[in-house]
């Protein structure tokens with residue numbers, strides 16, 4: 001399917017998801033995720049191979065986990081489109097633990113990096129914090145179709161989340177953190193030749209080290225957050241963990257590598273607890289293990 005047809009499909013589904021009741025929109029999103037899983041044999045096979053290697057499970061369990069992952073992603077798409085419409089309803093869908101970890105870090109006035117991964121529904125967390133009055137910023141990956149990128153940025157903006165650049169924008173990240181604001185970063189992405197290689201889910205993975213460098217330079221707190229779906233419902237447990245220890249600005253290179261490793265370990269533990277909610281379809285180890 002070419003980009004124009006893909007965009008037409010996205011526009012159509014966006015209208016449908018906005019028009020439907022919330023529960024029905026999520027069910028249709030899950031069905032579309034299942035349909036994509038059914039029709040994407042090559043990608044599904046690769047995702048299952050990643051799951052087998054990382055989880056140490058058999059093919060049957062990996063198949064179930066990856067299928068649920070696709071269905072969860074479908075629900076996330078429906079939820080994301082509907083986020084600006086949810087308003088106060090969002091508060092009723094989210095149960096928070098560890099809010100004191102974010103409040104304490106924010107009160108330091110040196111900025112906060114909210115660290116997470118493509119698990120559960122990460123967009124729910126950012127929108128929830130924005131409703132609670134935190135000045136939220138997000139760095140989004142540029143999509144193949146710029147219209148999709150613009151849609152993501154505008155949807156976040158309607159939820160009170162500022163877009164500050166495409167990819168990891170060092171200047172933009174420094175700017176918002178110097179103001180004492182909150183920056184959302186998903187670290188489970190292949191940084192290719194711009195990252196450092198440290199373990200992720202037990203295998204070497206090129207990982208962005210910019211967030212650790214910036215946090216160390218500015219004294220910003222790095223606070224892990226997981227927005228985990230309860231089963232197949234529209235309810236979420238938003239878990240905010242204590243900050244990850246960061247080295248000082250004059251620390252050795254080994255100290256920075258250790259900090260990136262701590263970040264990856266934290267995210268890996270969250271994924272291992274809820275593997276069916278992580279995006280196994282993404283080639284996380286492409287530049288280190290030659291994945292496609």
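The values are calculated or read from the model by the stated rules, or taken from the named source; none is laboratory data. Keep in mind that what you see is a predicted model, and the values were worked out from it rather than measured. For neighbour counting, all protein chains shown are included, and Cβ atoms are generated from backbone atoms with ideal geometry for every residue, glycine included.
Per-structure values
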{"item": "Residue match in the range 79-92 (condition: under 20 Å from residue 188 (Cβ atoms) and modelled with pLDDT of 95 or more)", "result": "yes"}
{"item": "Tabulated pairs, the range 91-106, first within 16 Å of residue 136 (Cβ to Cβ), second assigned to a helix (DSSP H, G or I) and modelled with pLDDT of 95 or more, C-beta under 8 angstrom, 6+ apart or interchain", "result": "91/128; 91/131; 94/124; 94/128; 96/128; 102/129"}
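Yes/no matrix, rows are residues, columns are (1) within 22 Å of residue 204 (Cβ to Cβ); (2) touching a residue at least 60 places away in the same chain (Cβ under 8 Å); (3) in the same structural domain as residue 199 (by TED's automatic domain parsing):
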position	(1), (2), (3)
22	no, yes, no
28	no, no, no
41	no, no, no
52	yes, no, no
55	yes, yes, no
61	no, no, no
76	no, no, no
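Matching residues to (1) within 30 Å of residue 182 (Cα to Cα); (2) part of a helix (DSSP H, G or I); (3) at pLDDT below 95:
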{"site": "6", "(1), (2), (3)": "no, yes, yes"}
{"site": "15", "(1), (2), (3)": "no, yes, no"}
{"site": "32", "(1), (2), (3)": "no, yes, no"}
{"site": "35", "(1), (2), (3)": "no, yes, no"}
{"site": "69", "(1), (2), (3)": "yes, yes, no"}
{"site": "102", "(1), (2), (3)": "yes, yes, no"}
{"site": "106", "(1), (2), (3)": "yes, yes, no"}
{"site": "115", "(1), (2), (3)": "yes, no, no"}
